[in-house]
Amino acid sequence: MEDRYYHKDPWLDPFRGIIDSRIEACGIKEASLTGSGSLSDFANGHHWYGLHPTAKGWVIREHAPNATSVYLIGAFTKWKKEERYRFTQLKAGDWELETGRDNLKHGDLYKLFISWKDGSGERIPAYANRVVQDDVTKIFSAQVWQPEAPYIQAHPSPPAPESLLIYEAHTGMATELEKTGSYREFTRDVLPRISSLGYNTVQLMAVQEHPFYGSFGYHVSSFFAPSSRFGTPDDLKELIDTAHSMGLRVIMDLVHSHSVKNTNEGLGLQDGNPGLYFHAGPRRSHVAWDSLCFDYGSDTVLHFLLSNCKYWLEEFHFDGFRFDGVTSMIYYDHGLERNFTSYQQYYDGNQDGDAITYLTLANKLIHQIDPGALTVAEEMSGMPGIAAPVNEGGIGFDYRLAMGVPDIWIKMVKEVPDERWDLGYLAHELTQHRPEEKVVSYCESHDQALVGDKTLIFRLADAEMYSSMSITTPSLIIDRAVALHKMIRLFTFSTAAGGYLNFMGNEFGHPEWIDFPREGNNWSYKYARRQWSLAENTLLRYRQLNNFDRAMVETGREAGIPGSDVVKTIMVNNSDKVIAYMRGNLLFVLNFNPSKSFTGYGIPVKGKYRIVLSSDSSSFGGQERIDMNITYMSSPKYGRYTVAAEQQLLLYLPSRTAMVLKEIPPARISDL
């Protein structure tokens, strides 16, 4: 096959046979699942299982092949079994109950009581689309959700952007109040902020229901239920619809990499068989995450997870997914304690072919349902083909998260004085990616903000953040922190190969870490919120950082950054700590030198340029040392950087300052 992604990388030549066998296995599995139909036809489990209204009343179905009996229980049965609510066993392990309309109404709480040979228990239906927790008992139950006037989404999704600008957000902690925020508050207060900052995509975390709030939404119990702690399903639909009306797309964190261990809320022993959805043997428990691992070789699991992908697209009009924990899925050892320094590590038998097949089918399904949908892989091993199209033999993600980038910045800030940063090394690490893939770069996400870690601004400023962030309080430590915060973000943003991500609040250097309510902090919400007012206070430097982020994103959007244009390195001078590179018609010049400013510094480019962004502008917390009104014309004169070049721009480069210059095209005769 001439269109295989491995033709772009000669290092993959020895492994073509293994790659082709993976592709063949995926094709065989797809054919066995779909027959003469399509993946979309197959992924309709949510239309069959779960609770649904009918012309005569209600029908509810559950897949429980190990069960000996199934009952519907709820307040309407005083939570006891009644024969009139006993399910009938169908073929292939399915159970069904039809009941009259008057027996269930909107808002009723219910569960299943499932018995099997050696036991029984109350269970939440696997396909439940609404689950709530009792405030007193803390017990979770399914809830009938059939409002008389459901919310109707009216606004179409905006088209997929060429430059993906993601604002990563958690609904619950997106409030300044010490409480759990809601979908409605997010719609009212946060969406306008995201839009004003210039981002084009919202990535919503913690959407799927999870018993423990502090899990950040990554220990899911009910995969088809939007978390009720933030509001109703209709509230979530309104959020997405409003975002679409603002030109914002919305993708969700999709957790198919593992599941919560809880049996009362989760699927671990749904019908008494530990192997219904998960591995039953030694592969059952995730050793690092204290959770359960799906058996991707099971058709039941494939039906469940593929239907889940379709459900969120179809029911809520999400614009795609960021798949959590892909590395954990595709390796038998979950990629733990591995550095992945050799291609052999991608083809040494440690790979879970069933998981690779599932992810390939999921991407194919998602793009079949919505060709404009976006999928992003949280994948740190760099497995070839992760972000190559399915029709080229790849796994099919549109983007891979560049998870190594924040690790590099943490290492630099934590371990290496900035006067010793190797700019060539940084440029290489920020721009490297496989030839077949696009990546989403970021200098920090929610991971770097959690308790036990530190955000970039906290690492740079530390205790000074509590005393010296006022514009009236001089502080050399804060001056350095603010300057480097802007430069690190611009460097990462401007070199990204396809997309850029920011976690909410990091754009203005949010001062606190994230610590969800738990017993260890007396169930406090103090650190599980975002202090938006800091970014609006004209007396604080947070506002200046916020202004810079908005200007940086706007400058990039106008130029199609971070799109597909390659980064062309113009010069790297490690002794001076100056780097310059082109991206399209923009010239980026960064002087990381902590103490030296340079006059008449030669940048070897030809043409006419004007400055469109300077981190030294006073509105960004700079010292206003750069004249933004000057037009620069290259000349044969040599500046400080005496490279053999036909033409150079001679620039004034203040210390710890970045600037972006836009090339002015030569006038055409018709313009004169």
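Residues checked against (1) crowded, with 17+ Cβ neighbours inside 10 Å; (2) touching a Ser or Thr at 6+ places or on another chain (Cβ under 9 Å); (3) modelled with pLDDT of 95 or more; (4) within 29 Å of GLU162 (Cβ to Cβ):
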site: PRO282; (1), (2), (3), (4): no, no, no, no
site: GLY297; (1), (2), (3), (4): no, yes, yes, no
site: GLN345; (1), (2), (3), (4): yes, yes, yes, no
site: LYS364; (1), (2), (3), (4): yes, no, yes, yes
site: ASP370; (1), (2), (3), (4): yes, yes, yes, yes
site: LEU374; (1), (2), (3), (4): yes, yes, yes, yes
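Would you mention how many residues in the range 624-642 are closer than 27 Å to ASN547 by Cα and exposed (fewer than 14 other Cβ atoms within 10 Å of the Cβ)?
So in the range 624-642, the residues closer than 27 Å to ASN547 by Cα come out as 624-632.
Those left that are additionally exposed (fewer than 14 other Cβ atoms within 10 Å of the Cβ): 624, 627-631.
Within the range 624-642, residues that are closer than 27 Å to ASN547 by Cα and exposed (fewer than 14 other Cβ atoms within 10 Å of the Cβ) number 6.
Hey, can you tell me all the residues within the range 79-118 that are assigned to a loop (DSSP other than H, G, I, E, B) and under 18 Å from ALA225 (Cβ atoms)?
If we filter the range 79-118 for residues that are assigned to a loop (DSSP other than H, G, I, E, B), which is where we start, we get 79-82, 87, 90, 104-108, 117-118.
Once the filter is applied, which keeps residues that are assigned to a loop (DSSP other than H, G, I, E, B) and under 18 Å from ALA225 (Cβ atoms), the range 79-118 yields LEU104, HIS106, GLY107, ASP108.
What number of residues within the range 527-563 are open to solvent by 40 Å² or more (accessible area, probe 1.4 Å) and at pLDDT below 95?
Result for the range 527-563: 3.
Here is a yes/no grid of residues against (1) free of Cβ contacts under 8 Å to residues at least 24 places away in the same chain; (2) of a type outside the set (Val, Ile, Thr); (3) not in a loop (DSSP other than H, G, I, E, B):
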residue	(1), (2), (3)
MET571	no, yes, yes
ILE579	no, no, yes
MET582	yes, yes, yes
VAL589	no, no, yes
PRO594	no, yes, no
THR599	no, no, yes
GLY602	no, yes, yes
VAL605	no, no, no
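Strands (runs of 3 or more DSSP E) wholly in the range 119-189 with at least 2 residues that are modelled with pLDDT under 95 - which ones? Walk me through it before giving the result.
Details: elements: 119-123, 131-133, 140-143, 164-170.
Result: empty, no element qualifies.
Out of everything in the range 109-143 that is within 12 Å of LEU72 (Cα to Cα) and of a type in the set (D, E, K, R), what residue ends up being most open to solvent (accessible area, probe 1.4 Å)?
It comes out as GLU122.
Consider SER619 carefully, then state whether it is open to solvent by 10 Å² or more (accessible area, probe 1.4 Å), at pLDDT 95 or above and within 30 Å of THR473 (Cβ to Cβ).
Numbers: open to solvent by 10 Å² or more (accessible area, probe 1.4 Å): yes; at pLDDT 95 or above: yes; within 30 Å of THR473 (Cβ to Cβ): yes.
So SER619 passes the test.
Across the range 214-266, what is the total count of residues that are β-branched (Val, Ile, Thr), assigned to a loop (DSSP other than H, G, I, E, B) and modelled with pLDDT of 95 or more?
Kept after step one, since they are β-branched (Val, Ile, Thr), are these residues of the range 214-266: 220, 232, 240, 242, 250-251, 255, 260, 263.
Add one more test, that the residue is assigned to a loop (DSSP other than H, G, I, E, B), and what stays is 220, 232, 255, 260, 263.
The next check asks that each one be modelled with pLDDT of 95 or more; those that pass are 220, 232, 255, 260.
Adding up the residues that qualify gives 4.
In the range 5-23, which residues are within 15 Å of GLU392 (Cβ to Cβ) and part of a helix (DSSP H, G or I)? Lay out the reasoning, then the answer.
Taking the range 5-23 and keeping what is within 15 Å of GLU392 (Cβ to Cβ), we get 5-9, 12, 16, 19-20, 22-23.
Residues satisfying the conditions are TYR5, TYR6, HIS7, LYS8, LEU12, ARG16, ILE19, ASP20, ARG22, ILE23.
Scan the range 83-96 residue by residue and report those that are within 39 Å of the chain's Cα centre (by Cα), surrounded by 14 or more Cβ atoms within 10 Å (Cβ to Cβ) and hydrophobic (A, V, I, L, M, F, W, C).
Listed by number, the list holds a single entry, TRP95.
Name the pairs: first residue in the range 450-474 and more than 18 Å from ASP515 (Cα to Cα), second residue among the charged types (D, E, K, R), Cβ to Cβ under 7 Å, at least 6 apart or on different chains?
LEU460/ARG480; MET469/ARG541; ILE471/ARG541
Does LEU51 count as farther than 30 Å from GLY107 by Cα and either touching a Phe, Trp or Tyr at 6+ places or on another chain (Cβ under 6 Å) or buried (at least 17 other Cβ atoms within 10 Å of the Cβ) (or both)? Show your work before the answer.
Numbers: farther than 30 Å from GLY107 by Cα: no; either touching a Phe, Trp or Tyr at 6+ places or on another chain (Cβ under 6 Å) or buried (at least 17 other Cβ atoms within 10 Å of the Cβ) (or both): yes.
So LEU51 does not fit the description; no.
Residue by residue through the range 55-76, note down the ones that are aliphatic (A, V, I, L, M), farther than 20 Å from ASP108 by Cβ and part of a strand (DSSP E or B). Steps first, answer last, please.
Restricting attention to the range 55-76, the residues satisfying the condition of being aliphatic (A, V, I, L, M) are 55, 59-60, 64, 67, 70, 72-73, 75.
Checking the rest, the ones that are also farther than 20 Å from ASP108 by Cβ come to 64, 67.
Matches in the range 55-76: ALA67 only.
Can you find a residue that is outside any loop (DSSP other than H, G, I, E, B), open to solvent by 60 Å² or more (accessible area, probe 1.4 Å) and not charged (D, E, K, R) anywhere in the range 505-526? Step through it out loud before you land on a result.
Narrowing the range 505-526 to residues outside any loop (DSSP other than H, G, I, E, B): 506-508, 514, 519-521.
This time we only want the ones that are open to solvent by 60 Å² or more (accessible area, probe 1.4 Å), so: 519-520.
Those still in the list that are not charged (D, E, K, R) too: 520.
Checked against the condition, which is being outside any loop (DSSP other than H, G, I, E, B), open to solvent by 60 Å² or more (accessible area, probe 1.4 Å) and not charged (D, E, K, R), the range 505-526 yields at least one hit.
For every residue, the table says whether it meets (1) in contact (Cβ under 8 Å) with a residue 40 or more places away in the chain; (2) in a loop (DSSP other than H, G, I, E, B).
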| residue | (1), (2) |
| --- | --- |
| TYR425 | no, no |
| GLU429 | no, no |
| GLU437 | yes, yes |
| VAL440 | yes, no |
| GLU444 | yes, yes |
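Only one of these is over 20 Å from GLU238 (Cβ atoms), among the aliphatic types (A, V, I, L, M) and surrounded by 17 or more Cβ atoms within 10 Å (Cβ to Cβ): ALA160, ALA169. Name it. Full working, then the answer.
Numbers: ALA169 fails: over 20 Å from GLU238 (Cβ atoms).
Just one listed residue meets the conditions, ALA160.
So ASN273 ticks every box in (1) touching a strand residue (DSSP E or B) at 6+ places or on another chain (Cβ under 8 Å); (2) open to solvent by less than 30 Å² (accessible area, probe 1.4 Å); (3) part of a loop (DSSP other than H, G, I, E, B) but one. Which box is left unticked?
(2)
How many of the residues making up the range 410-429 are at pLDDT below 95 and either open to solvent by less than 10 Å² (accessible area, probe 1.4 Å) or under 30 Å from LEU361 (Cα atoms) (or both)?
Matching residues across the range 410-429 total 1.
Cβ-Cβ below 8 Å, separation at least six or inter-chain, first residue in the range 527-555 and basic (Lys, Arg), second open to solvent by 10 Å² or more (accessible area, probe 1.4 Å) and assigned to a helix (DSSP H, G or I): which pairs?
Filtered contacts from the range 527-555: ARG543/LEU534; ARG543/GLU536; ARG550/SER196.
Could you list, ordered by first residue, the pairs with Cβ atoms under 7 Å in which the first is in the range 154-176 and farther than 19 Å from ILE561 by Cβ and touching a residue at least 60 places away in the same chain (Cβ under 8 Å) and the second is acidic (Asp, Glu) and crowded, with 19+ Cβ neighbours inside 10 Å, at least 6 apart or interchain?
Qualifying pairs under 7 Å: ALA154/ASP241; HIS155/ASP241; SER157/ASP319; THR175/GLU185.
Does the range 379-401 contain at least one residue that is open to solvent by less than 10 Å² (accessible area, probe 1.4 Å), touching a Gly at 6+ places or on another chain (Cβ under 6 Å) and at positive phi?
Checking the range 379-401: at least one residue is open to solvent by less than 10 Å² (accessible area, probe 1.4 Å), touching a Gly at 6+ places or on another chain (Cβ under 6 Å) and at positive phi.
The values are calculated or read from the model by the stated rules, or taken from the named source; none is laboratory data. For clarity, every value in this text was computed on a predicted model and none was experimentally measured. Cβ atoms come from the backbone with ideal geometry, glycine included; neighbour counts cover every protein chain shown. When the accessible area is computed, the model is the full protein with side chains, heavy atoms only, and any ligands, DNA or RNA have been set aside. Shrake-Rupley method; radii C 1.70, N 1.55, O 1.52, S 1.80 Å.
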